[in-house]
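**Q** I have a structure I would like to understand better, so I am pasting it below and will then ask my questions one at a time.
The values are calculated or read from the model by the stated rules, or taken from the named source; none is laboratory data. What you see is a predicted model; the values in this text were computed from it and never measured. Here Cβ is always computed from backbone atoms with ideal geometry, including for glycine, and neighbour counts include all displayed protein chains.
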Amino acid sequence: MIFSTIRKFILKLGQDISKLPGKGEEITPSMGEVTVTNNNNVVAWGSLYWQYYEQLDKITPAETPLKINKKLFLELDSPTGKKITPVTEDTKLKPVI
């Protein structure tokens with residue numbers, strides 16, 4: 001059944017946002033191997049991503065090659081123009097009205 005769903009998904013490419021739904025046991029790592037070919041003489045743009053949903057309380061930390069660090073910056077006016085500075089625990093913040 002999942003392969004007929006993949007075929008329908010491929011036929012919809014280029015028309016809009018397409019989703020390939022499936023249950024966890026139907027999804028395999030080999031489905032992440034994708035080849036895209038542009039048979040036109042013009043540049044084509046698009047995107048492809050692998051997404052799944054899980055209950056927040058079931059998500060646990062994992063070691064992956066992707067590392068994300070969140071940093072906040074404050075934009076300040078200076079004599080030479082706008083500058084950004086990192087926000088630290090010592091940074092004094094005030095609300096803007």
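**Q** Under 7 Å between Cβ atoms, at least 6 apart or on separate chains: pull out the pairs that start in segment 47-74 with a residue that is over 26 Å from VAL36 (Cβ atoms) and end on any residue that is at pLDDT 75 or above and in a loop (DSSP other than H, G, I, E, B).
**A** Here the result reads LEU72/VAL87; PHE73/VAL87; LEU74/VAL87; LEU74/THR91, each pair linking segment 47-74 to a residue that is at pLDDT 75 or above and in a loop (DSSP other than H, G, I, E, B).
**Q** Right, something else. Considering each residue of segment 41-83, count those that are among the small types (Gly, Ala, Ser) and more than 15 Å from the chain's Cα centre (by Cα), and give that number.
**A** First, pick out the residues of segment 41-83 that are among the small types (Gly, Ala, Ser): 44, 46-47, 62, 78, 81.
With the extra rule that they be more than 15 Å from the chain's Cα centre (by Cα), the set shrinks to 44, 62, 78, 81.
Of the residues in segment 41-83, 4 are among the small types (Gly, Ala, Ser) and more than 15 Å from the chain's Cα centre (by Cα).
Conditions (1) surrounded by 10 or more Cβ atoms within 10 Å (Cβ to Cβ); (2) modelled with pLDDT of 75 or more; (3) on the phi < 0 side of the Ramachandran plot; (4) not hydroxyl-bearing (Ser, Thr, Tyr), marked per residue:
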| position | (1), (2), (3), (4) |
| --- | --- |
| SER4 | no, no, yes, no |
| LYS23 | no, no, yes, yes |
| SER30 | no, yes, yes, no |
| THR35 | no, yes, yes, no |
| TRP45 | no, yes, yes, yes |
| TYR52 | no, no, yes, no |
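**Q** What is the one condition in (1) surrounded by fewer than 10 Cβ atoms within 10 Å (Cβ to Cβ); (2) modelled with pLDDT of 80 or more that VAL87 does not satisfy?
**A** Among (1) surrounded by fewer than 10 Cβ atoms within 10 Å (Cβ to Cβ); (2) modelled with pLDDT of 80 or more, VAL87 violates only (1).
**Q** Let me ask something else. Take THR64 and decide whether it is of a type in the set (S, T, N, Q) and within 26 Å of GLY24 (Cα to Cα). Before you say what the answer is, go through the steps one by one.
**A** Details: of a type in the set (S, T, N, Q): yes; within 26 Å of GLY24 (Cα to Cα): yes.
Judged against the criteria, THR64 is a match.
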